[in-house]
Amino acid sequence: MRYALLILALCQSAYAADPLLVAQIVLCESGSRPDVCGDDGISCGIAQFQKKTFYRFAREAGLKHARYMDMTDQITLLHWAIDHNRGRHWTCYQMIVEHRTFPKTYLHTIVKR
């Protein structure tokens, strides 16, 4: 996990979401790689935001200067989203929180990268 310490450090913020959960979602969604795009190029970045969702959440969170492909902004906004009951926007959140499992198919994909 290349950016594990950064992810955990960013999660020690004003938000109440569990830093380990944020790190698990990032690992599951992107393999903790900020340069990855999935869903046929629709979702990009370390937290795999869709551009429209990223800017909508940023506006709601009051993060006026958030940049879509900025790793720090994506992690901060993911943390905010989980803290504000928006985690269901991520498949990995649903798997980890609602089904209490870490998808093995994601782990396999991440290992192959």
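Coordinate-derived values only; no laboratory data. Quick caveat: nothing in here was measured; it's all calculated off a predicted structure. Glycine also receives a Cβ, built like all others from the backbone with ideal geometry; neighbour counts cover every protein chain displayed.
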Q: Evaluate the distance, in nm, between pseudo-label points positioned 7 Å from the Cα of Val36 and of His65 along their respective Cα→Cβ axes.
A: 2.9 nm
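Give me the net charge of Val97's neighbourhood, meaning all other residues with Cβ under 15 Å from the Cβ of Val97; Lys, Arg count +1, Asp, Glu -1. Provide the component values of the computation, followed by the final result.
Working: positive: Arg86, Arg88, Arg100; negative: Asp18, Glu29, Asp83, Glu98.
Net charge in that neighbourhood comes out at -1.
Compare the peptides 75-83, 53-61 by average per-residue count of other Cβ atoms within 10 angstrom and give them in order, highest first.
On the way: 75-83: 24.4, 53-61: 17.0.
Put in order of decreasing packing, that is 75-83, 53-61.
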